[in-house]
Amino acid sequence: MGIRTWIDSWPVYRQLTGSDPLGRGAAAKSAHSERLTPRVATADRVVKSVCPYCAVGCGQNVYVQDERVTQIEGDPDSPVSRGRLCPKGAASLQLTTGDARERQVLHRRPYATEWEPLDLGTAMDMIADRVIEARRAGWQWTVDETRTRRTLGIASLGGATLDNEENYLIKKLFTALGAIQLENQARV
Amino acid sequence: MAECHPVGFQWVMEAKARGAKLIHVDPRFTRTSALADVHVPLRAGTDIAFLGGIVHYVLEQDKYFREYVVAYTNAPLILREDFHDTEDLGGVFSGLDAANRTYDTGSWQYEGGAGAPARDETLTHPRCVLQVLKRHFARYTPELVEEVCGVPRGLFRQVCELVTENSGCDPTTAFAYAVGWTQHTVGVQYIRAAAVLQTLLGNIGRPGGGILALRGHASIQGSTDIPTLYNLLPGYIPMPDARRHPDLAAFVEAGTAPKGYWGNMRAYMVSLLKAYWGAAARADNDFCFDYLPRLTGSHSAYETALAQLDGVCKGYVLFGENPAVGNADAKVMRLGMANLDWLVVRDFSLIESATWWKDGPEIETGELRCADIRTEVFFLPAAAHTEKDGSFTNTQRLLQWHHQAVEPPGDARSDLWFTYHLGRLVRERLAGSTDEMDRPMLDLAWDYPTKGGLAEPDAEAVLAEINGHDAEGAPLSSYEQLKPDGSTTCGCWIYCGVYADGVNQAARRRPGREQDWVAAEWAWAWPANRRILYNRASADPRGRPWSTRKALVWWDPDKGEWSGYDVPDIKRDKAPDHRPPEDATGPAALSGTDPFIMQADGKAALYVPTGLADGPLPAHYEPQDSPFPNLLYHQQRNPVRQLLPSLPDNRYQPSGDEPGAEVFPYVATTYRLTEHHTAGGMSRWQPYLAELQPEFFCEVSPGLAAERGLEHTGWATIVSARAVIEARVLVTDRMTPLTVQGRRLHQVGLPYHWGPNGYSTGDAANELLHLSLDPNVHIQESKAFAVDIRPGRRPRGPASVALVRAYRRRAGIDEHTGTEP
């Protein structure tokens, strides 16, 4: 290291002679912080997304590295949000990658006092069987001699946090099953 | 808005920086109040009196926008002689059937009928809508507003002046409400009151105007447009009613307006049936209309809970919703789930709706025992928005596509995956069935391409079905192309165009800074990528903008078409002086001066002859549970409010002058905080958010704290006729005591995000609520009710149930209390 480099590496010198007299930026950089990069800098790709919380619809940039989401930030391109996120939107990384998320199907048998793990495929088969049974049990061809062609045996609640495409399939499937008791947060 | 939609609030701040005045009306002082020019605390549940007071001011001072009102509203129409207003009948309208809680709307109609109503362009006929309005709101004076709402008349006058000074040819005023306005037994009439005011002021269909619902979920608008709701099909087509709609012809006839875009009901409906049942839907079988299940009444989530208690509803699927703490009268919701055969919970974490059977409040009180609960529960982890493709519709009707970034972990799957594969498995099991019951499932168009190792359905293929296509399979670009003969399919007519040219228009992301202020190339707004609805009204009857500064769309006589920044809400070549032939129907019957194209007369409704259950005009009624009598009318409560059965856990309270009302002397209201989301399923498990708001609390004024011995950061017990809960106490000047009807009123603020699970915990405010609903849309009254509050923690175990019972006894409450018409 030459003298010049050595002097230049001294923060107080840089603070007094450089463009950062308050020592809050370039002057304060150490060799260590010089080498630091934001975690988004090494992302493999940036995926365009939308905040999942309220209905303002702020744009999000989702940073992916090694097939893992590493950061979620506001999208400056969005004319809705201009890059901003609120505390909830800024916590989207925890929402999507936090360890509070369950990753396994759980099953509680009738009268049981604890959960048991269950295979996803088995769970889907069991649910399909139960949908058919409850649908038949609650079937009403008529009510007061008027044709209704419906079932009150099954119901669903939810949709306000889902995608339009998901709501579309839910409404279509349940309607074909004859179920009418579909509701979501819009009326709660 | 700064609390719950902070990023949207930046635009309010931009407007303020350009000179706009900001008024915040809210019982509590919030981050919005801190930035407002005027904060107006009022008694929760009195907004119709408040808005009605502004209407009164506008009419009395002749501040309405006369040219707009005459040209674009029903103000000149004359009512029938047998219509009687609340002023004539002690607070109810003519046609009330009190015993059955319904109105016969015959007398609410126009003289001469809807087809050829009598008119008075001078607006002086005593029975014309404008004069009826004047009489209806005559007693909504500043003095009355002060007595009912607790808003001093000087402050109220300031609001009236600001609103009217900032409305007219050039300035516009916007009203923004969070959906708390809808959560009242008169919720729809709250919105109507704002609509009457904004229409009188000419603030609809114009930039900077409108009544803007600030909705609280990423796609709650979308789940209303493409409804997971019992009474609607996609695009606001009603679900068929068993008695009124025996076949497609009857359904179409009942839903077809003589004029405007509901004139094309058959095209929308047939195209939807084609999307549902594909080749099986043919003209000779009514396009499978008979496959649709029919309604015989209301089937909201609250009636569904009752059906669960009755044992009729046996299976329940929850998609990202948490009724065990998020619905009103949460106990009834849990008891309903405890009587199911099976429950499927799809969510990120083990929310209260998944675990009530082992650790819910009824286990603690001993009312339920885990080993006695029969319900089989499946918890299926859900994929996050970063793990799936799809579109959200935001609160301004903007469909924005989010792209999948990574695969979901473990067993987590999208709801698209769950629903598609559930349907596939059910269809496999029913294959070969000859039971007529199963035909709709077997004939269902359910072939969606899947991709990847998880067999995830292609969301864009579903979007393409929603958009619709012609007989050759080419994507449609507009609902104008839909046909009534089965040659087009469309899963949601108002979304037609979102996949125009086979391109996902919702995924468009031209940066905002590269566009004008409308930013039409960012995503796609329904309908037709139109950003401001009814924007024909932004120009005068001759098609010229009301002002240069507020120009949005205008008639270009040289080109012979409408031009402007936004997509015009009128056919491009329909000249302002166009008058339709007498025999025209549907959209063709709209003239060049009919901006309100979804209305059967093309005009904004200051008065609503058809379509509302509880009156053609808003009238102030007290909330179901209120410490005050109704000063305006003899009628205390909305006479046709929807009451659910008065179950032991859904008792109503005495109100006003009724004996026992003094047991619940404080008004309470629920609301959200910046740092949490709805019932907490997406925020109480996030360490950052839990740290910012670690537990449930209530907000009370120093006056109330002194009156009841409540200590800051100590505990309070809050009681209603339904439940008792406890909360940490926040003593703050942000809760302003009001003077109402000569007495000091304290209000209790209750953020409602909590439950016992997650990192940030507490009791659920929704435990306190009753099931008394708006009769039009069946939404519960969660924003204004009456409670008692006392210091200390609530009792545990059976003592908690005993405390609520003791309160009921003291207030003399039985199954009849509060149920009068």
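The values are calculated or read from the model by the stated rules, or taken from the named source; none is laboratory data. Note that this is a predicted model, so its numbers are computed, not measured. Reconstructed Cβ throughout: ideal geometry from the backbone, glycine too, with neighbour counts over all protein chains shown.
Things worth noting here:
Rundown of residues vs (1) in the same structural domain as residue B:771 (by TED's automatic domain parsing); (2) closer than 24 Å to residue B:533 by Cα; (3) crowded, with 19+ Cβ neighbours inside 10 Å, yes/no style:
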site	(1), (2), (3)
B:206	no, yes, yes
B:229	no, yes, yes
B:240	no, no, yes
B:261	no, yes, yes
B:275	no, no, yes
B:281	no, no, yes
B:304	no, no, yes
B:312	no, no, no
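- Counting only strands (runs of 3 or more DSSP E) that sit wholly inside the range B:325-417, those with at least 3 residues that are more than 7 Å from chain A (Cβ to nearest Cβ) are B:342-347.
- Pairs meeting the criteria (first residue in the range A:143-154 and on the phi > 0 side of the Ramachandran plot, second residue modelled with pLDDT of 95 or more, beta carbons under 7 Å, at least 6 apart or on different chains) are A:149/A:141; A:149/A:178; A:149/B:290; A:149/B:293; A:149/B:294.
- Put simply, of B:55, B:25, B:12, B:92 the only residue that is crowded, with 23+ Cβ neighbours inside 10 Å and not assigned by TED's automatic domain parsing to the domain that holds residue B:171 is B:92.
- Test: residue in the range A:114-130 that is touching a Lys or Arg at 6+ places or on another chain (Cβ under 9 Å), closer than 29 Å to residue B:766 by Cβ and more than 7 Å from chain B (Cβ to nearest Cβ): yes
- Helices (runs of 4 or more DSSP H) completely within the range B:1-112 that count 3 or more residues being away from every other protein chain (no Cβ under 14 Å) and at pLDDT below 95: none
- Filter result (touching a residue at least 60 places away in the same chain (Cβ under 8 Å) and within 20 Å of residue B:226 (Cβ to Cβ)) within the range B:481-504: B:482, B:488, B:489, B:490, B:491, B:492, B:493, B:494, B:495, B:498, B:504
- The condition of being surrounded by fewer than 15 Cβ atoms within 10 Å (Cβ to Cβ) and of a type outside the set (Asp, Glu) holds for only one of A:101, A:150, A:109, that being A:109.
- Selection count where residues are touching a Lys or Arg at 6+ places or on another chain (Cβ under 8 Å) and either of a type in the set (D, E, K, R) or assigned to a strand (DSSP E or B) (or both), scope the range A:134-163: 13
- Residue within the range B:463-470 that is in the same structural domain as residue B:269 (by TED's automatic domain parsing) and farther than 29 Å from residue A:79 by Cα present: yes
- Checking residue B:518 against (1) touching a residue at least 24 places away in the same chain (Cβ under 8 Å); (2) under 19 Å from residue A:165 (Cβ atoms); (3) out of contact with any strand residue (DSSP E or B) (no Cβ under 6 Å at 6 or more places or on another chain); (4) aliphatic (A, V, I, L, M), the condition it does not meet: (2)
- Restricting the range B:475-511 to residues that are in contact with a Ser or Thr (Cβ under 7 Å, 6 or more places away or on another chain) and of a type in the set (A, V, I, L, M, F, W, C), the residue that is nearest to the other protein chains (Cβ to nearest Cβ): B:506
- Residue, farthest from the other protein chains (Cβ to nearest Cβ), within the range A:174-185, restricted to residues that are part of a helix (DSSP H, G or I) and surrounded by 24 or more Cβ atoms within 10 Å (Cβ to Cβ): A:174
- Unique match (being surrounded by fewer than 19 Cβ atoms within 10 Å (Cβ to Cβ) and under 13 Å from the mean Cα position of the chain (by Cα)) among A:71, A:15: A:71
- Odd one out for residue B:43, checked against (1) closer than 27 Å to residue B:613 by Cα; (2) out of contact with any strand residue (DSSP E or B) (no Cβ under 8 Å at 6 or more places or on another chain): (2)
- Test: residue in the range B:277-289 that is out of contact with any His (no Cβ under 9 Å at 6 or more places or on another chain), in a loop (DSSP other than H, G, I, E, B) and closer than 23 Å to residue A:188 by Cβ: no
- In summary, residue A:135 fulfils each of the numbered conditions (1) more than 7 Å from every other protein chain (Cβ to nearest Cβ); (2) within 24 Å of residue B:383 (Cβ to Cβ); (3) among the charged types (D, E, K, R); (4) crowded, with 16+ Cβ neighbours inside 10 Å with the single exception of condition (2).
- The single condition among (1) away from chain A (no Cβ under 14 Å); (2) within 24 Å of the chain's Cα centre (by Cα); (3) surrounded by 17 or more Cβ atoms within 10 Å (Cβ to Cβ) that residue B:644 does not satisfy is (1).
A quick yes/no check of all residues on (1) modelled with pLDDT of 85 or more; (2) in the same structural domain as residue A:72 (by TED's automatic domain parsing):
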| position | (1), (2) |
| --- | --- |
| A:8 | no, no |
| A:21 | yes, no |
| A:24 | yes, no |
| A:31 | no, no |
| A:44 | yes, yes |
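- Selection count where residues are more than 13 Å from the chain's Cα centre (by Cα), within 7 Å of another protein chain (Cβ to nearest Cβ) and either farther than 25 Å from residue B:398 by Cβ or touching a residue at least 40 places away in the same chain (Cβ under 8 Å) (or both), scope the range A:38-63: 0
- Some residue of the range B:693-705 being assigned to a loop (DSSP other than H, G, I, E, B), assigned by TED's automatic domain parsing to the domain that holds residue B:755 and over 30 Å from residue B:381 (Cβ atoms): yes
- Scan of the range B:237-262 for residues that are part of a strand (DSSP E or B) and within 24 Å of residue B:480 (Cα to Cα), ordered by number: B:237, B:238, B:259
- Considering B:536, B:531, the condition of being at pLDDT 95 or above, away from every other protein chain (no Cβ under 14 Å) and either out of contact with any helix residue (DSSP H, G or I) (no Cβ under 6 Å at 6 or more places or on another chain) or not in a loop (DSSP other than H, G, I, E, B) (or both) is satisfied by B:536 alone.
- Residue among B:428, B:472, B:436, B:456 that is over 28 Å from the mean Cα position of the chain (by Cα), more than 7 Å from chain A (Cβ to nearest Cβ) and crowded, with 22+ Cβ neighbours inside 10 Å: B:456
- Considered as a group, the residues in the range B:481-495 that are over 12 Å from residue B:469 (Cβ atoms) and hydrophobic (A, V, I, L, M, F, W, C) include one that is surrounded by the fewest Cβ atoms within 10 Å (Cβ to Cβ), and that residue is B:494.
- Subset of the range B:344-403 [polar (S, T, N, Q) and under 27 Å from residue A:126 (Cα atoms)]: B:349, B:353, B:355, B:375
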